[in-house]
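One structure is given below, encoded as structure tokens.
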Amino acid sequence: MELWTSATPNGWKVSIMIEELIEAGIDMSQVKVRNINLAKGEQFSEEFSAHNPNQKIPVLIDNDRSVMESCAILHYLGEKYPTDLLPEGDLRWNIIPWVYWQAANVGPAFGNKLSYTRYMDSISPEEKAHPLERFGTEAIRLVGILNDQLKEQQWLASDTFTIADIALYPWLRAWKWSKVDITPYPLVMSWIDRVRSRPGVGRGLAYGVPEGEIDQWTEERKAQYRRNGAIIANPKS
Ligand SMILES: N[C@@H](CCC(=O)N[C@@H](CS)C(=O)NCC(=O)O)C(=O)O
């Protein structure tokens, strides 16, 4: 099995899943990880596009089956290796809608907010004002939904940690980088700490990142992310 990925929120979803499966006792030693250099445009190569026509990381290649979309990969691995990360039976349907919720709402809102906050160099501050307001407001609305959800339980979709938490966490943990102020939501803040304290999550976040920089990037790495983000966000500039 091969994972083609990069050190980004959508990439970390899958590396966290692999490490959480290992924590759950599954042998994942067959997984080979290949770093895709997004700033160099490797995602547009013929080889990459043959596995993921959407030309974005991550993609999982399992013999003849290629799976694109980070949340679909979480679902695929959850089904292939049954654990509490994706419970069976009726319980599963507590989880799956929240995975779609992340993919359809949180990823786009946080991703766009981040892009306009840090990377969109090719447009003026005036042009950025509307998307920043729109995606910022939507991101905070979604944080409020998560906060409400956490009033009833410790984890997003159930009493146990599942693929719904994995799907959500990489975007939420980047709230400072995206400038989405989650500090009025203490349940969300403590959920972020709870997820981060899991050994599998710590190892998953280390894919493509030097050990000492998992939680705090150096100024040099921030500049590198800004440069690479700008190349991806402004392809024609
Ligand atoms: N909905 C997709 C989004 C994937 C995505 O946007 N990946 C980004 C990195 S986080 C990417 O490959 N960007 C490169 C590009 O847009 O050219 C998923 O969840 O897998």
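Scanning the stretch 184-197 turns up at least one residue that is within 17 Å of residue 7 (Cβ to Cβ) and either of a type in the set (Ser, Thr, Tyr) or outside the structural domain of residue 42 (by TED's automatic domain parsing) (or both). Can you say whether residue 140 is of a type in the set (Val, Ile, Thr), more than 22 Å from residue 198 (Cα to Cα), at pLDDT 95 or above and under 19 Å from the mean Cα position of the chain (by Cα), as far as the supplied structure shows? So residue 140 passes the test. Applying the criterion of at least 1 residues that are closer than 21 Å to residue 206 by Cβ and within 12 Å of the ligand (Cβ to nearest atom) to the helices (runs of 4 or more DSSP H) found wholly in the stretch 11-113 leaves 70-80. Across the stretch 106-129, what is the number of residues that are among the polar types (S, T, N, Q) and farther than 30 Å from residue 146 by Cβ? Number of matching residues: 2. If you take the residues in the stretch 213-226 that are within 20 Å of the chain's Cα centre (by Cα) and assigned to a helix (DSSP H, G or I), which one is nearest to residue 119 (Cα to Cα)? That would be 226.
Assess whether residue 122 counts as being within 16 Å of the ligand (Cβ to nearest atom) and touching a Ser or Thr at 6+ places or on another chain (Cβ under 6 Å). Taking the combined requirement at face value, the residue satisfies it. The number of residues in the stretch 134-189 that are under 20 Å from residue 12 (Cα atoms), buried (at least 18 other Cβ atoms within 10 Å of the Cβ) and of a type outside the set (A, V, I, L, M, F, W, C) comes to 6.
Yes/no matrix, rows are residues, columns are (1) at pLDDT below 95; (2) under 28 Å from residue 79 (Cα atoms); (3) of a type in the set (Lys, Arg):
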residue	(1), (2), (3)
154	no, yes, no
158	yes, yes, no
161	no, yes, no
183	no, no, no
187	no, no, no
194	no, yes, yes
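The values are calculated or read from the model by the stated rules, or taken from the named source; none is laboratory data. Keep in mind that what you see is a predicted model, and the values were worked out from it rather than measured. Every residue, glycine among them, receives a Cβ derived from its backbone with ideal geometry; neighbour counts consider all protein chains shown.
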